[in-house]
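The values are calculated or read from the model by the stated rules, or taken from the named source; none is laboratory data. What you are looking at is a predicted structure, and each value in this text was computed from that prediction instead of being measured. Glycine gets a Cβ as well: all are built from the backbone with ideal geometry, and neighbour counts include every protein chain shown. Protein only, heavy atoms only, side chains kept; ligands, DNA and RNA dropped before computing areas. Shrake-Rupley method; radii C 1.70, N 1.55, O 1.52, S 1.80 Å.
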Amino acid sequence: MNVMNGTNMSNMSLKIIGTGKGIPARHVSNEDLSNYIDADDNWIVSRTGIKKRYVCTDETITDLSAAAALQAIEKSGLTPAGIDLIICTTIGGDYRTPSLACCILGRIGAKCPAFDINAACTGFIYALNVASCFLSAGNAKNILIVSAEMMSAQVDWGDRSTCVLFGDGAAACVVTNGGALRYINLLATSDTPILNIPVDTGNSPFVSKKRERGFVQMQGQEIFKFAVNTVENEIKHALSALKMSLEQINWFILHQANRRIIDSIRTKMRQPQEKFPVNIDRYGNLSSVSIPLLLFEMQEECKIKPGDTLFLAAFGAGLTAGSCVVVWE
């Protein structure tokens, strides 16, 4: 296993000034899925905590991303012309190239650099780190981060172990200079077989062994152990670095991969359930979208208040992981 940690607590400069979401119109309940696979509502809920998810029909991932981006920009008080950089987190947009960030750029009418990050489910945390570096260096003032995933195109709908888990959606935020980001840490390993999505080899006549496009492949128990152990360690690491206690964290906003993972982490940390907000029951696993979408909903519901301390953590294919501590401004 190759591991890389990167903690940057100096020269951090970031606060969130606007959030948005883009969700497909069609929701698919567990009862709907039972028409296609051998799994009912009780089977799915007991193993995942998921009751429904949203799935694209006529929408593209660019459609969802643009809707989230425009809402976040409007709530920030800016216009697309005021955005200096677009960072998009996704495992794949509507094209292999151009990037989804460039597609968003054209759709919303912005004029700035734009690029994608693929850190799987950890993408949003990685994007916050990248945005902080741009802001600290003075290379941008207002940055749009869009997390967007169309997982319905990445799963085998005949495989009940994976297709019940995921959904489609997008979430965005606008960040600018500020003191909200107090801590951030990134991690990556080379455990590729545990979670991956194979690509095809095309029609090159020089390839000795052809490989067709694949779907999500995952070792559920290994992911479970990695997630629980890694997030527990990340919480301890962050608290030690900031000389804080668990009681000083108002909200633990974790990647919504599986309700059992979240409950296991909460139980190990001996924290009350109300400090661990969830929306996996309504959206399923949205990969890098889950944390910014949860932030959007909590802000809309006025749950997050100025001065609240948030611990954010995610984990995904790579394997990757990341955490940060934000004091809401």
In the range 94-122, what residues are open to solvent by 20 Å² or more (accessible area, probe 1.4 Å), of a type in the set (A, V, I, L, M, F, W, C) and out of contact with any helix residue (DSSP H, G or I) (no Cβ under 8 Å at 6 or more places or on another chain)?
-> C102, L105
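For every residue, the table says whether it meets (1) β-branched (V, I, T); (2) touching a strand residue (DSSP E or B) at 6+ places or on another chain (Cβ under 7 Å).
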{"residue": "T162", "(1), (2)": "yes, yes"}
{"residue": "L181", "(1), (2)": "no, yes"}
{"residue": "I184", "(1), (2)": "yes, yes"}
{"residue": "T192", "(1), (2)": "yes, no"}
Counting only residues that are in contact with a Leu (Cβ under 8 Å, 6 or more places away or on another chain) and within 14 Å of I280 (Cα to Cα), the range 31-52 contains a total of 3
Pairs, please: C-beta under 6 Å, at least 6 apart or cross-chain, first residue more than 11 Å from G22 (Cα to Cα) and charged (D, E, K, R) and in the range 53-80, second outside any helix (DSSP H, G or I) and open to solvent by less than 60 Å² (accessible area, probe 1.4 Å)?
-> R53/V28; R53/G167; R53/G284; K75/G18
What about I16, is it under 21 Å from the mean Cα position of the chain (by Cα), buried (at least 19 other Cβ atoms within 10 Å of the Cβ) and assigned to a strand (DSSP E or B)?
-> yes
May I ask you to say which residue of V289, V326 is closer than 29 Å to S29 by Cβ and among the β-branched types (V, I, T)?
-> V289
So which of C121, C112, C102 ends up being in contact with a His (Cβ under 8 Å, 6 or more places away or on another chain) and not basic (K, R)?
-> C121
What residue, among those in the range 154-177 that are open to solvent by 10 Å² or more (accessible area, probe 1.4 Å) and either farther than 19 Å from D58 by Cα or without any contact (Cβ under 8 Å) to a residue 60 or more places away in the chain (or both), is farthest from the chain's Cα centre (by Cα)?
-> G158
If R260 satisfies every condition in (1) open to solvent by 90 Å² or more (accessible area, probe 1.4 Å); (2) free of Cβ contacts under 8 Å to residues at least 40 places away in the same chain; (3) within 22 Å of V155 (Cα to Cα); (4) of a type in the set (D, E, K, R) but one, which is the exception?
-> (2)
Checking G214 against (1) over 21 Å from the mean Cα position of the chain (by Cα); (2) open to solvent by less than 20 Å² (accessible area, probe 1.4 Å); (3) closer than 14 Å to A321 by Cβ, which test does it fail?
-> (3)
Residue satisfying condition, being free of Cβ contacts under 8 Å to residues at least 12 places away in the same chain and either among the charged types (D, E, K, R) or surrounded by 24 or more Cβ atoms within 10 Å (Cβ to Cβ) (or both), within set K275, K243 | K243
Look at D58 and say whether it is over 30 Å from S264 (Cβ atoms), crowded, with 17+ Cβ neighbours inside 10 Å and out of contact with any helix residue (DSSP H, G or I) (no Cβ under 6 Å at 6 or more places or on another chain).
-> no
Residues that are in contact with a strand residue (DSSP E or B) (Cβ under 6 Å, 6 or more places away or on another chain) and polar (S, T, N, Q), drawn from the range 79-123 = T89, T90, S99, T122
Mind listing just one residue for me: the one in the range 19-40 that is in contact (Cβ under 8 Å) with a residue 40 or more places away in the chain and open to solvent by 40 Å² or more (accessible area, probe 1.4 Å) and, of those, farthest from E297 (Cα to Cα)?
-> D38
Those residues of the range 79-93 that are in a loop (DSSP other than H, G, I, E, B) and either surrounded by fewer than 18 Cβ atoms within 10 Å (Cβ to Cβ) or not hydrophobic (A, V, I, L, M, F, W, C) (or both) come to a total of 5
